[in-house]
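Encoded as structure tokens, the structure appears first; notes follow it.
FYI, it's all coordinate maths here, none of it is from the lab. Please read all numbers here as calculations on a predicted model, not as lab measurements. In this analysis, Cβ positions are derived from the backbone assuming ideal geometry, glycine residues included, and neighbour counts consider all displayed protein chains.
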Amino acid sequence: MEEKLPKSLKNLDLNTNRVPKNKILVSAYLSSSRMSPLKSKPPSLVSLCLGVIGKHLEEMIPCLAEISVIFPADIKMSIAAIARRRKLLDDDVIISLADSSWEILDVSGSDVTNSGLAKVAEMCKSLRAVDISRCNKISSMGVLELVQHCRSLETLRCGGCPSSESTARRSLSFFKPNLSNGEGETWEEIDTSEIGHGGQSLRWLVWPRIDKDSLEMLSLECPRIVVNPKPSLVAYRADEVPREALPDVAVDEPFVKDIDPKTWVVTGVVQKPTSFLLCNELPIAEKFRLAFAERDARLAPKRAKNARQRQRRAERDWMMSSDEARATVLASKATRSLHKS
């Protein structure tokens with residue numbers, strides 16, 4: 001035994017810094033077979049429960065307003081994301097789930113209307129990214145409610161179908177300074193509320209099929225807004241492009257990434273692919289009506305400005321026509337200054 005003991009001690013490796021041979025072999029096997037422990041991670045209990053809720057969401061909708069009170073904000077967002085994918089998202093559902101702590105809102109391709117969007121915007125004033133693309137029932141009035149209530153809105157996704165394209169064009173005026181409606185003759189006389197009426201925080205606009213005129217108007221009058229940003233190593237104005245501003249990424253994707261996609265597959269229904277051509281084409285008469293209304297709304301401030309200029313020019317010409325008229329105008333100005341003092 002005494003002779004065998006030294007030989008056994010010779011085979012004993014006391015160097016603790018050295019990696020054992022069996023660990024090296026396991027590591028080499030994992031790397032060669034490209035196995036990763038993360039891939040075998042089972043779904044969480046919360047994800048499994050959300051999957052069950054999603055499969056039976058139709059049965060829960062009638063009482064969703066009562067039971068959603070006990071859900072945390074992120075769970076409500078996940079249910080809303082599942083409802084959108086199952087084509088169940090409308091005003092009642094989104095209002096029942098809306099939480100004041102929400103910072104994103106994705107209602108794209110849903111049946112949410114102006115009323116529902118306005119109510120959610122009033123409840124969730126901290127929204128910074130909103131997707132209203134492919135929404136037939138949301139018009140420029142809904143966008144106006146959104147920008148008036150959510151002063152931190154930075155990313156807006158729109159367009160995708162004829163109705164939504166028209167809504168996007170008619171909403172551009174909400175994002176630019178509004179100086180044409182000022183009634184004062186000098187800067188001191190212009191009310192500050194007339195300079196901007198919401199939407200001044202917008203930085204990223206995702207509108208894949210933006211027309212040339214709208215793009216030119218935004219570049220000239222709203223240079224702070226980046227249209228259809230693309231991921232790049234060079235940041236825009238020292239700001240990194242947020243994930244919600246990338247066109248190929250769903251805004252609510254992080255809230256359903258761990259949930260089985262079978263949750264929102266409806267049996268017996270062929271799901272249409274997500275595309276910016278989902279909506280049916282509008283009739284020709286409706287297209288002409290929307291185009292006329294859009295042009296009339298765009299030219300209304302210019303007509304009002306021209307009318308004021310013509311009125312001032314007429315008054316000036318009348319004042320220069322005779323000494324009596326000049327004296328009358330000067331007397332009226334002196335009277336107004338006395339009343340102001």
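Take the residue pairs K119/K302; K76/K125; K76/K176; K230/K287 and return only those whose Cα atoms are more than 28 Å apart. All intermediate terms of the calculation are to be shown ahead of the outcome.
Details: K119/K302 33 Å; K76/K125 17 Å; K76/K176 34 Å; K230/K287 31 Å.
Pairs exceeding 28 Å: K119/K302; K76/K176; K230/K287.
Placing a label point 7 Å from the Cα of D258 along the Cα-to-Cβ direction, the residues of segment 60-75 whose backbone N falls under 13 Å from that point are 74-75.
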